[in-house]
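Undergrad: Pasting a structure here, questions to come.
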Amino acid sequence: MNVGGEKYWVQSFSVEYSRPIKALWRYGVSLDFMDDASNEFILSHEPIPWESQWQLYKTGVAVSTELIMDRLSAVLYFGGYTYNLDSSNGNLYQRLGLRYRFSNRIWAHLALKTHWNFADYIEFGVAVKVL
């Protein structure tokens, strides 16, 4: 798709569980739910049948690692789609990002979601620690 083309809204929701390896390093796993409005456009030009808006959503599972530098941390996720009708970019995805912890329970998230050498979208988010 052309960089200057139409822009589409993307929303994602993740549930993550992580544990410390060392004081400044964590590992974890996440369940990801993605709503990418460009899927409807892409699938309308592909020979892939779909009948419901629910079929346009993507789900995935990812493993992660986090390098903690005081309040700022760098995160890397490597995941695979468990449901995705559009597999033109493959079935694997990566997320490279930064987190800033405002407190022990709330932090901001900025990341780039990719499919190897293809940037998919930039994520901005807020996370809340439940447990």
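Undergrad: Name every residue in region 4-36 that is hydrophobic (A, V, I, L, M, F, W, C) and touching a helix residue (DSSP H, G or I) at 6+ places or on another chain (Cβ under 8 Å), in order of residue number.
TA: Filtering region 4-36 down to residues hydrophobic (A, V, I, L, M, F, W, C) leaves 9-10, 13, 15, 21, 23-25, 29, 31, 33-34.
Within region 4-36, just 10 meets the criteria.
Undergrad: While we're looking at this one, here's another question. Which pairs turn up if I take residues in region 57-79 that are among the acidic types (Asp, Glu) and look for partners that are surrounded by 13 or more Cβ atoms within 10 Å (Cβ to Cβ) with beta carbon separation below 6 Å, at least 6 apart in sequence or on another chain?
TA: What qualifies is 66/26; 66/73; 66/75.
Undergrad: Being open to solvent by less than 40 Å² (accessible area, probe 1.4 Å), at pLDDT below 90 and hydrophobic (A, V, I, L, M, F, W, C) is the filter here, so list the residues in region 36-67 that pass it.
TA: Listed by number, the residues that qualify are 42, 43, 56.
Undergrad: In this structure, is residue 73 in a strand (DSSP E or B), within 13 Å of the chain's Cα centre (by Cα), of a type in the set (S, T, N, Q) and within 30 Å of residue 104 (Cα to Cα)? Show your work before the answer.
TA: Numbers: in a strand (DSSP E or B): yes; within 13 Å of the chain's Cα centre (by Cα): no; of a type in the set (S, T, N, Q): yes; within 30 Å of residue 104 (Cα to Cα): yes.
No.
Undergrad: A further question on this structure: What pairs come up if the first residue lies in region 9-32 and is under 12 Å from residue 67 (Cβ atoms), the second is of a type in the set (Asp, Glu) and in a strand (DSSP E or B), and their beta carbons are under 6 Å apart, counting only those six or more places apart or on different chains?
TA: 26/66
Undergrad: Being of a type outside the set (D, E, K, R) and outside any strand (DSSP E or B) is true for just one of 41, 78. Which residue is that? First the steps, then the outcome.
TA: Working: 78 fails: outside any strand (DSSP E or B).
Among 41, 78, only 41 is of a type outside the set (D, E, K, R) and outside any strand (DSSP E or B).
Undergrad: Moving to a separate point now. Any idea which of (1) without any contact (Cβ under 8 Å) to a residue 40 or more places away in the chain; (2) open to solvent by 20 Å² or more (accessible area, probe 1.4 Å); (3) among the basic types (Lys, Arg) is the one residue 95 doesn't satisfy?
TA: (2)
Undergrad: Can you pull out the residues in region 98-117 that are open to solvent by 90 Å² or more (accessible area, probe 1.4 Å) and either out of contact with any strand residue (DSSP E or B) (no Cβ under 9 Å at 6 or more places or on another chain) or of a type in the set (A, V, I, L, M) (or both)? Lay out the reasoning, then the answer.
TA: Applying the first criterion (open to solvent by 90 Å² or more (accessible area, probe 1.4 Å)) to region 98-117 yields 100, 102, 104-105, 116-117.
Of everything in region 98-117, those that are open to solvent by 90 Å² or more (accessible area, probe 1.4 Å) and either out of contact with any strand residue (DSSP E or B) (no Cβ under 9 Å at 6 or more places or on another chain) or of a type in the set (A, V, I, L, M) (or both) turn out to be 104, 117.
The values are calculated or read from the model by the stated rules, or taken from the named source; none is laboratory data. It should be emphasised that the depicted structure is a prediction, and the values quoted were computed from it without experimental measurement. Virtual Cβ from ideal backbone geometry, glycine too; neighbours counted across all protein chains shown. Surface accessibility is based on the protein's heavy atoms, side chains included, excluding ligands, DNA and RNA. Shrake-Rupley method; radii C 1.70, N 1.55, O 1.52, S 1.80 Å.
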